[in-house]
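First up is the structure itself, then whatever we jot down about it.
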Amino acid sequence: MHLRFLTAGESHGPALTSIIEGMPAGVPVVVEQIDTHLARRQRGYGRGGRMKIETDRAQISAGVRHGKTIGSPITLTVMNRDFESWQDVMSVEPVAPYAPDTPKRRPIEVPRPGHVDYAGGIKYRIEDMRNILERASARETTMRVASGALARRLLEECGIFMGSHVVEIGGISVDQSTLVGRFPSAQELNAHADSSEVRCLDKAAEAAMIQRIDEARDNGDTVGGVFEVIVDGLPVGLGSHVHWDRKLDGRLAGALMSIHAMKGVEIGLGFEAARRFGSQVHDAFEVGSPLARPTNNAGGLEGGVTNGEPLVCRVAMKPISTLMKALPSVNITTGQATAAHVERSDYCAVPAAGVVGEAMVAIVLADALLEKFGGDSLEEIQESLRNHRAYAAKVAR
């Protein structure tokens, strides 16, 4: 059994939609749980004007009855309030050619450096790059978060919890030594991170990050950063070592890299492991039930399989491609040098990206859970999981 999802919709279209297939029956779901995470995605210092327009609310039109999933595909929809101002531009029906009195319908002919405008336009042979940027917009992550909220509910019913926090923005990093031992579980993490405007747990770094974002805004620039997703309660044995495409670290990395503007993924020590001796990297075993590990340098994964320790993923986000002080570009129709197209955007979206990262991790882990424990209902999965955990504890004695 597998969990999969599809999203559809454009940034300024009527609505965004997702269909989730493979969710077992009996998982408790209410819309407010989804809306909570949608609201978290919209917050964060450095966001643009679009967040003041949209108040994302999910609508469930299939797959849930009386507050529980029923085993059939689930359909989620989030309406775009901003569509009211874009009905002519984003009309499904044919419209008259562009005219000076319809400025919003002016074809976008100048690509933004760092964006997919140019490559997408060439790929699909489209001269008006709005057809590309509407779908390439990070507005699509709304439905990833909504879908991930459902996957998250399945994981939570199985004792698996997750959270995220920002560890770097614009070159300003948290002091990791100040965080040790402060937040013993991923379940507590978001309550603390979400209280910060940049979802940072280090107050000194938080102030410096906000200052860096202000600097970017004042200069018409943007900044990126790094967020970390942590998951507690994972059983030993999700994923597989036997084929490249079943390794869980590869699946997680692919899912996280698929998020807009992400440029790198680390698990556990990540690149730091390449700089150390093996004796300083690998996590020794200690007697316990299950076997204990004094360190978690592997970040919860060994050989593509969960090892029972917390999963730790860090993801690097580049600065957003749309700059208010536009970079040099070229008009693809006239061939003349000009400034890049400017579309309403954010100055920094790293805090929101962490929420999207949680969603993608939840979807991959929920799929791996179903792959390992099967079952058409939550009750069957929970029973299989209890037996597996008991076996793991027995082996460790």
| query | Hey, fewest Cβ within 10 Å first, where do GLU379, GLU197, GLU286 land in order? | reply | GLU286, GLU379, GLU197
| Rg and Dmax of segment 246-397 over Cα atoms: what are they, in angstrom? | 21.7, 74
| message | Give the residue list of chymotrypsin sites (Phe, Trp or Tyr not before Pro) in segment 257-326 that are DSSP loop and have at most 15 other beta-carbon atoms within 10 angstrom. | response | PHE277, PHE285
| Taking every pair of alpha-carbon atoms in the chain, what share in percent sits in each 20 Å bin, from 0 to the bin with the longest distance? | 26, 55, 18, 1
| note | Most exposed first, judged by fewest Cβ atoms within 10 angstrom, CYS158, CYS348 run CYS158, CYS348
| task | Could you give the C-alpha radius of gyration of segment 65-199 expressed as a fraction of 2.2 N^0.38 Å, taking N as the number of residues it contains? | result | 1.52
| message | Less than 16 Å from a label point 7 Å out along the Cα-to-Cβ axis of PHE285: which backbone N atoms in segment 236-257 qualify, by residue? | response | 236-237
| remark: Each label sits 7 Å from Cα toward the beta-carbon; between HIS388 and SER72 the label points are separated, in nm, by 2.9 nm
| task | Give the relative contact order (percent, whole number) for the chain; include only Cα pairs under 8 Å separated by 6+ residues. | result | 23 percent
| request: Enumerate the aspartates and glutamates that LYS394 could reach by cross-link, defined here as Cα to Cα under 19 Å, with residues fewer than 8 away along the same chain left out. | output: GLU286, GLU309, GLU383
| message | So if I place +1 on the C-beta of Lys and Arg and -1 on the C-beta of Asp and Glu, and nothing else carries charge, what would the dipole magnitude of segment 4-396 be about its Cα centre? I want it in debye, nearest 20. | response | 280 debye
| request: Return the inverse of the average 1/r over all pairs of distinct C-alpha atoms in segment 13-112, which is the Kirkwood hydrodynamic radius, in Å to one decimal. | output: 16.5 Å
| request: For every other residue with a beta carbon closer than 14 angstrom to the beta carbon of GLY26, add +1 if it is Lys or Arg and -1 if Asp or Glu, then tell me the sum. | output: -3
| What whole number of Å gives the distance from the Cα centroid of segment 88-156 to the Cα centroid of segment 225-303? | 34 Å
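Read-outs throughout are calculated quantities, based only on the coordinates presented, and are distinct from any laboratory measurement. If you're wondering where the values come from, they're calculated on a predicted model, not measured in any experiment. Every residue, glycine as well, gets a Cβ built from its backbone with ideal geometry; the counts of neighbours run over all protein chains shown.
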